[in-house]
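First the structure, in the form of structure tokens, and then the observations on it.
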Amino acid sequence: MKKILIIEDDRVLSEELARLLQSAGYEAERITEFSGVAAQMQKADADLILLDINLPEISGETLLQEFRRKSNTPVIMLTSRTTEIDEVLSMSCGADDYITKPYNPTILLLRISAVLKRSGSSGSGVQQYGEIVVSTVRGSLTCGKREQILTKNEMIIFQLLLERRGEIVTRDDLMTALWDNDEFVNDNALSVNISRLRGKLAELGFPDAIETRKKQGYLLK
Amino acid sequence: MRLRDYLKDRLPAFLTGAVTWLLVLIFLYTFHVSAEACVIVTGIALAGACIAESWEFLRKKPFYDNLLQQTEQLDRKYLLHEMIEEPAFFEGKVLCDVLRESDKSMCEQIAQYRRETEAFRDYIELWVHEIKLPVASLQLISHNDGNAKYAEQINRIDAYIENVLYYTRSETAEKDYIIKPVPLQRVFTDTALKHRTELQERNITLHTENLNVQVMTDSKWLGFIFGQLISNSIKYQASEITVSAEDTPEQTVLRFRDNGIGIPPHDLPSIFEKSFTGENGRTHAKSTGMGLYIVKKLCDKLGHSISAESEQGNYTEIRIVFGKNDLYAGNLSKM
């Protein structure tokens, strides 16, 4: 389980963030005592840090600059400051991403998983699902000698399901992921894409891989 | 200062002089002074008066000419005092003193207003940061509790907050943007994501064409502009939005086109004016007349030109032209 450290001085916001992350399958740790944050940051040994810019006593940017001298742990800056100048400043301090408040929770989760993926070493573009080899580079699913080419949309859907295998992925999550990749599909198109994806998985010998959970979403078994 | 104006101004003095001289002549005549002597004395007096008047005229002319010319040319007329030299004659000196005093007081007033606007603006920025915290908390709570109904209202609150923020930013002189190469597609996609639920509820389809270009702008401001245009399309019953870009070596033209109710021709020239609501604003949706005004102001500040084209009942197209700076053109093509 990936561990995410939340450094946010607004108590409610910090608690709700932790709830969001836990329900998305992460281990969330909150910093509640803001003296000596830098040391706590080091000690936590997190896989990713969510860092607020406006902290009591110290600014997030200074904190990040210091932290970067010792660690490469990915950091996403969270801020209610909205100018481009702030963003450029944060990125130059070594932030991996920058998200302004209020954030769409689904998008926040997408960004977190994108940053985690980038920092992880799985850069080959190849994943496994059972005997199926998923190649994002080729846009294909291969099972033994059989191969199915997926469209861009189908690949985005399959990847999200695969990433959260065994969990329910809502239609809303899928839609957000598609739109985030410039595919502005509507409800019908999403259903069509999912049924095509099912068809292709069936061709490869996995007819019931994607399960529909009524009023909740989909689940990759 | 023309000679005629000067003479006209001096007319009472000349008339008094003439009458006085007439009385002197009558006086001389009663004392039987010879006609020749009278002519000579008149000649001397006239010559003296001419020299005095010419000198007076030539001494004042440069000062007043300069004063009038500066007044005409100056962009900020209250800085007039800085632009003129103090003359040697009395009236000019008085005028200069008065101008100096009044300019000083004007500058003080302006400085005070500027300070007040800046303080107000700073407070708005601070307030926006503060209000965004509870809004962010609410958004997370609504998501965590699985209550999507709240989410839409929270998004509305956030949109109104952004309006205030960008209105203040567009109205004040302070520069708080950065112009750098910005990928059009990314900015549009981020904005579309923000409005996704609204767009999908109304079955609005989005198309993008050739947006894989970089333009010189501030991405946050452009995001706000896209947001306003999308809200307008939603408000005015579009079912399709097409965003396309045309990239030439000199400029990039962005076209934001929807198939909504369009704008009546007589309203079209005024849509970017402050508080203009027009026919559509009155009959179709609640309009404050601020959205496009702020958009236009932001474009002006960023140096983009914006224009609109529409056919009622058919389409509305907003065009934004992004210039390309030669200085950056080289870097842009390398990216």
Does the range B:284-292 include one or more residues that are touching a helix residue (DSSP H, G or I) at 6+ places or on another chain (Cβ under 8 Å) and charged (D, E, K, R)?
-> no
Filter the range A:10-45 down to residues that are touching a Ser or Thr at 6+ places or on another chain (Cβ under 9 Å) and assigned to a loop (DSSP other than H, G, I, E, B) and give me whichever is farthest from the other protein chains (Cβ to nearest Cβ).
-> A:D45
Under 9 Å between Cβ atoms, at least 6 apart or on separate chains: pull out the pairs that start in the range B:54-65 with a residue that is touching a residue at least 60 places away in the same chain (Cβ under 8 Å) and end on any residue that is assigned to a helix (DSSP H, G or I).
-> B:K61/B:L3; B:K61/B:Y6; B:Y64/B:G92
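Being in contact (Cβ under 8 Å) with a residue 40 or more places away in the chain, within 18 Å of the chain's Cα centre (by Cα) and under 22 Å from B:N163 (Cβ atoms), is that true of even one residue in the range B:268-278? Before you say what the answer is, go through the steps one by one.
Going residue by residue through the range B:268-278, those that are in contact (Cβ under 8 Å) with a residue 40 or more places away in the chain are B:268.
Right, trim to within 18 Å of the chain's Cα centre (by Cα) and you get none.
Looking for residues that are in contact (Cβ under 8 Å) with a residue 40 or more places away in the chain, within 18 Å of the chain's Cα centre (by Cα) and under 22 Å from B:N163 (Cβ atoms), one finds none in the range B:268-278, hence no.
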Failed item in (1) closer than 30 Å to B:I161 by Cβ; (2) at pLDDT 85 or above; (3) more than 14 Å from chain B (Cβ to nearest Cβ); (4) over 16 Å from the mean Cα position of the chain (by Cα), with A:G60 passing the rest | (3)
Residues of the range B:240-279 being closer than 20 Å to B:G291 by Cβ and among the small types (G, A, S), which ones?
-> B:G260, B:G262, B:S270, B:S275, B:G278
Could you list, in sequence order, all residues of the range A:164-186 that are loosely packed, with under 15 Cβ neighbours inside 10 Å and on the phi > 0 side of the Ramachandran plot?
-> A:G166
Considering only the range A:113-157, state which residues are in contact with a helix residue (DSSP H, G or I) (Cβ under 8 Å, 6 or more places away or on another chain) and without any contact (Cβ under 8 Å) to a residue 40 or more places away in the chain.
-> A:Q127, A:V134, A:T136, A:G139, A:I156
For the range B:127-159, which residues satisfy the criterion of being more than 17 Å from A:Y103 (Cβ to Cβ) and modelled with pLDDT of 90 or more?
-> B:W127
Within the range B:177-291, which strands (runs of 3 or more DSSP E) (wholly inside it) include 3 or more residues that are within 14 Å of chain A (Cβ to nearest Cβ)?
-> B:180-183, B:205-209, B:214-217, B:240-247
Residue pairs within 8 Å by beta carbon, gap of at least six or interchain, first lying in the range B:189-204 and in the same structural domain as B:I230 (by TED's automatic domain parsing), second among the acidic types (D, E), listed first then second, are B:T189/A:D180; B:T189/A:D182; B:L193/A:D180; B:T197/B:E152; B:E198/B:E152; B:Q200/A:D187; B:I204/B:E240
Out of B:G17, B:G43, which single residue is within 22 Å of B:K61 (Cβ to Cβ) and in the same structural domain as B:K61 (by TED's automatic domain parsing)?
-> B:G17
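Could you tell me which of the residues A:V169, A:V137 is touching a strand residue (DSSP E or B) at 6+ places or on another chain (Cβ under 6 Å) and of a type outside the set (S, T, N, Q)? I'd like the intermediate steps shown before the answer.
Numbers: A:V137 fails: touching a strand residue (DSSP E or B) at 6+ places or on another chain (Cβ under 6 Å).
When all the criteria are applied, what remains is A:V169.
The values are calculated or read from the model by the stated rules, or taken from the named source; none is laboratory data. Just so it is clear, the model here is predicted, and its values are computed rather than measured. Here Cβ is always computed from backbone atoms with ideal geometry, including for glycine, and neighbour counts include all displayed protein chains.
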